[in-house]
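The values are calculated or read from the model by the stated rules, or taken from the named source; none is laboratory data. A quick note: this is a predicted structure, and the numbers were derived from the prediction, not measured. Cβ placement follows ideal geometry from the backbone for every residue including glycine, while neighbour counts extend to all protein chains displayed.
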Amino acid sequence: MARRTRLLRLPTAGPGDTAALAAAIDGGEVDPAAIVAIIGKTEGNGCVNDFTRGYATLALKLLLAERLGSAVREIEKRVAIVMSGGTEGGLSPHLLVFSCDTVPVAASGPRLALGVGLTRAFAPEEIGRSAQIEETAVAVTRAMKDAGFASPADVHFVQIKCPLLTKERIEEAGRRGASVATDDTYHSMALSRGASALGVALALGEVKAAPEQAICRDWSLYSKVASTSAGVELLRNEVVVLGNAPGWAGDLVIDHDVMTDAIDAAAAHRILKRLGGFGVNGEGVVAVLAKAEAALSGAIRGRRHTMLDDSDIHSTRHARALVGGVLAGVIGDTMLYVSGGAEHQGPAGGGPIAIIGRT
């Protein structure tokens, strides 16, 4: 028997909308017991107080628990749910529902493979520090082994949902005499994303070492396949490793590239060419996952940008809208997973992009 990854891309009418997934389950398109990961975009602000992520996550857990007749805590043990807030510009809220089943015969070549890893819950003082790097590297390695990847070269995207610091969590650590990495809750998102990304880079051998002092400081250290998103709704890291592996079945494959800056549409074109030259109308494209970041230099190809100077809208929101527009023009579709904040995820000012398509 061979494992097979299946993927449904479903639109949502709001953060708590699970109607499309419920219909897919009831219609036999997906077995709820086979669902192993859900990655999605919600229309919140993507900042510390974006509770649309937790709302969406809870709605999905409740649906799966109801359909499977199990407790929510059982769903939490085996399904990684990664909700990223922020659908600025033309980005469309949606869900990517990954399921794994078995079929008699494997495909003739490598196919989309998926592994899930979960870290332990982090204490507030561990967020954005070495403990998060190290635990993430262990979880990524475990997920790779679970998927059967022969080498890091088989991995094309590692999606992680990671925690952040709130005032309550900071104060709780203080009562125990522990100090946290930062008292700035918004900056804690960047530190958590950065530590998680360095954990990926360490696990895949992209860096030889990832010292704590490098987090959000040494931009020469980064992963070409990591995508990390911070949220208030969890305390552990939830890891989804995607790549191509032999012995798997189905008709899905994945490839990735790295956008060197926010307008590097050529990276998407290179992937599409390698996957078989899909048309600009998105034919054959099943999902697009990408990172977005406002260049800290304050410029894109020598032209000044003002994303970092806007006191009304955070730069991550600007970056998502910009990258989302660039990629939508290439793919011909706005239902794209574009996550903001690319600390140690691709070169400074750029970020990884992956496309899943049908053979």
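Is it the case that residue 124 is touching a residue at least 12 places away in the same chain (Cβ under 8 Å), more than 30 Å from residue 23 (Cβ to Cβ) and buried (at least 23 other Cβ atoms within 10 Å of the Cβ)? For residue 124, the condition - touching a residue at least 12 places away in the same chain (Cβ under 8 Å), more than 30 Å from residue 23 (Cβ to Cβ) and buried (at least 23 other Cβ atoms within 10 Å of the Cβ) - is met.
When the residues of the stretch 179-203 are narrowed to those that are surrounded by fewer than 24 Cβ atoms within 10 Å (Cβ to Cβ) and hydrophobic (A, V, I, L, M, F, W, C), which ends up nearest to residue 141 (Cα to Cα)?
Step one: list which residues in the stretch 179-203 are surrounded by fewer than 24 Cβ atoms within 10 Å (Cβ to Cβ), which gives 179-187, 190, 202.
Retained after the next criterion (residues that are hydrophobic (A, V, I, L, M, F, W, C)): 180-181, 190, 202.
Numbers: 180: 27, 181: 26, 190: 23, 202: 10 Å.
Per the stated criteria, the residue is 202.
The numbered conditions (1) within 30 Å of residue 312 (Cβ to Cβ); (2) out of contact with any Gly (no Cβ under 9 Å at 6 or more places or on another chain) are all true for residue 38 except (1). The one condition from (1) touching a Pro at 6+ places or on another chain (Cβ under 7 Å); (2) farther than 26 Å from residue 331 by Cβ that residue 75 does not meet is (1). For residue 94, the conditions (1) under 28 Å from residue 205 (Cα atoms); (2) modelled with pLDDT of 95 or more are fulfilled apart from (1). Considering (1) within 18 Å of residue 162 (Cβ to Cβ); (2) without any contact (Cβ under 8 Å) to a residue 12 or more places away in the chain; (3) hydrophobic (A, V, I, L, M, F, W, C), the lone condition that residue 266 does not fulfil carries the number (1).
Considering each of 141, 182 in turn, give the residue that is outside the structural domain of residue 339 (by TED's automatic domain parsing), part of a loop (DSSP other than H, G, I, E, B), touching a residue at least 40 places away in the same chain (Cβ under 8 Å) and among the hydroxyl-bearing types (Ser, Thr, Tyr).
Details: 141 fails: part of a loop (DSSP other than H, G, I, E, B).
None of the other options fit; the residue is 182.
In the set 268, 230, only one residue is at pLDDT 95 or above, outside any loop (DSSP other than H, G, I, E, B), closer than 18 Å to residue 132 by Cβ and touching a helix residue (DSSP H, G or I) at 6+ places or on another chain (Cβ under 6 Å); that residue is 230. Starting from the stretch 47-66, take each residue that is over 15 Å from residue 17 (Cα atoms) and list its partners that are at pLDDT 95 or above and among the aliphatic types (A, V, I, L, M), counting only C-beta distances under 8 angstrom and pairs at least six apart or across chains. What qualifies is 47/189; 48/164; 48/189; 65/71; 65/72; 65/75.
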